[in-house]
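Each value in this text was obtained by applying a stated rule to the coordinates, not by laboratory testing. Owing to the predicted nature of the structure, the values given are computational and were not obtained by experimental measurement. We place every Cβ from the backbone using ideal geometry, glycine too, and count neighbours over all the protein chains shown.
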Amino acid sequence: MTPEIYRQAGELFERLRQLPEGELPAALDAAGISNELRVEVLRLIEADRKAARSFLENRAVEDAARLLAPETQGLPAAGTGCGRDGRRV
Amino acid sequence: MLQPSALVNEAFVRLMGEAPVEWASRAHFFGFSARLMRRILIDFARAQETEKRGRRSTHLDLSVAGDVPAGESHPVDFIDLDHALNELAQLDPRQAQTVELRYFGGLENAEIAAVLGVSEPTAVRDWRVARAWLYHRLQSRLPQSHLPNDS
């Protein structure tokens, strides 16, 4: 893929990404684009719908902390009683 | 095992050791910091892979959940992400910078816009397109067993 095809795919993706799935084929037909560009736009739209929930939403340092020190996942939440008699410490 | 505090120490030491004497601008500083964090994490991921290669092949999981239940994720690694970002930089350098500043540098959209000298809506659009492209690119590298069921 060339940078120019990618740029055009990005523009069409932004314009069409919120269309209902059933309206996409007609919108792409109306755009009069090449098959290569059409495939790229559809890939971006499909990926956006799948990725929207959480892909790369954490920052790298958060992912790294989870990866590098998995034992910290088991730490009690802030304010959890953990003194000898259950008082907050 | 490298602890998060050690990661921060490593970043600080490298920042101080490699930083230019003078920062040309805020963009220069944030761009350098994000790039540095990326390099540290990639270096560590590579070291982990080398260390574990003798025992078994492993990948470092990132939180890259797509259409999977909350709390689950598709395993992808920092090294694959690094390669994909390099490919993205060939297609659109500004989008690759946007991902670097946001994911590795921890900047918000308005800060990214200021650093890159674009409007905030442009930064948001760049992020959205880049994230979709990276998701597709990384997903295509996953083992078939990790791909979502299209049926």
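Among the residues of B:133-140, the average count of other protein chain beta-carbon atoms within 10 Å of the residue beta-carbon is 6. The mean number of partner chain beta-carbon atoms within 10 angstrom of a residue's beta-carbon across peptide B:125-132 is 6. The residues A:M1, B:M37, when put in order of fewest to most other Cβ atoms within 10 Å, stand as A:M1, B:M37. Taken residue by residue and averaged, Cβ atoms of other chains lying within 10 Å of the Cβ of B:36-42 number 2. When peptides A:26-32, B:94-100, A:10-16, B:118-124 are sorted by average Cβ neighbour count within 10 Å, with the highest value leading, the order is B:94-100, A:10-16, B:118-124, A:26-32.
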